[in-house]
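Beneath this line is the structure, given in structure tokens, with notes to follow.
The values are calculated or read from the model by the stated rules, or taken from the named source; none is laboratory data. Just so it is clear, the structure is predicted and the values come from calculations on it, not from any experiment. Just so you know, the surface numbers come from the protein's heavy atoms only, side chains and all, with ligands and any DNA or RNA stripped out. Shrake-Rupley method; radii C 1.70, N 1.55, O 1.52, S 1.80 Å.
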Amino acid sequence: LVAEIEKKITEAFEVFDRESNKTVDVREIGCIVRSLGCFPNEAEVQELLAQIEVEEPGGFVHLESFLPVMTKVLLDRRFRPIPEDVILHAFEALDENKCGYITKEDLVKHLTEE
């Protein structure tokens with residue numbers, strides 16, 4: 001199980017490893033974590049980064065530093081997505097006319113005014 005998880009993490013990491021040198025820009029970590037099916041907020045991404053050794057200057061993360069931290073995250077099932085029924089309930093609250101969709105204008109209004 002651990003070997004499978006580490007392989008999955010390595011493959012996701014390599015997508016963002018543009019120079020193929022087992023490092024990624026620290027700003028890519030949130031994307032990598034989310035591509036692995038975890039959905040931390042930005043504060044939680046910063047907490048993860050605090051556990052990962054970040055190379056200064058330039059802010060690069062080495063795979064060998066990322067792998068053990070992310071393996072534990074996946075094994076502990078941290079940052080699980082919000083259940084579909086909760087998202088559906090939130091959508092239904094915004095769909096005041098019960099028509100099955102929200103117009104762009106209504107969405108903008110909800111996000112900026114309410």
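Note that segment 28-69, at 10 °C in a medium of 1.306 mPa s, gets a Stokes-Einstein diffusion coefficient of 149 µm²/s from its Kirkwood radius over C-alpha pairs.
In the elastic network of the chain, a GNM with C-alpha springs shorter than 10 Å, the most mobile of G59, G37, G100 is G100. Rounded to the nearest Hz, the phi-derived 3J(HN,Hα) couplings of segment 25-40 under the Karplus curve 6.51 cos²θ - 1.76 cosθ + 1.60 (θ = phi - 60°) are 5, 4, 5, 8, 4, x, 5, 5, 4, 5, 5, 8, x, 10, 10, x, where x marks glycine and proline. In a GNM of the chain with a 10 Å cut-off on Cα contacts, which of A50, A93, A12 has the highest mean-square fluctuation? Among A50, A93, A12, the largest GNM mean-square fluctuation belongs to A93. Based on the reciprocal of the average 1/r between different C-alpha atoms, the Kirkwood radius for segment 1-53 equals 11.7 Å. In this structure the amide hydrogen of F60, modeled in the peptide plane, comes within under 5 Å of the amide hydrogens of V26, E55, none closer than 5 places in sequence on its chain.
With every protein chain present, what is the per residue accessible area of the chain (1.4 Å probe, Å²)?
That works out to 70 Å² for each residue.
Of E92, E44, E56, the residue with the greatest mean-square motion in the GNM of the chain, using alpha carbon springs below 10 Å, is E92. For segment 45-114 and segment 1-34, write down the distance between their C-alpha centroids in whole Å. Measuring centre to centre over Cα atoms gives 18 Å. Taking the Kirkwood radius as Rh and the Cα radius of gyration as Rg, the chain has a ratio of Rg/Rh equal to 1.12. For the chain, lysine pairs separated by 8 or more sequence positions, or belonging to different chains, with Cα-Cα distances below 22 Å total 6. Computed in the context of the full set of protein chains, the accessible area of the chain at 1.4 Å probe radius has 55% of its extent on carbon or sulfur.
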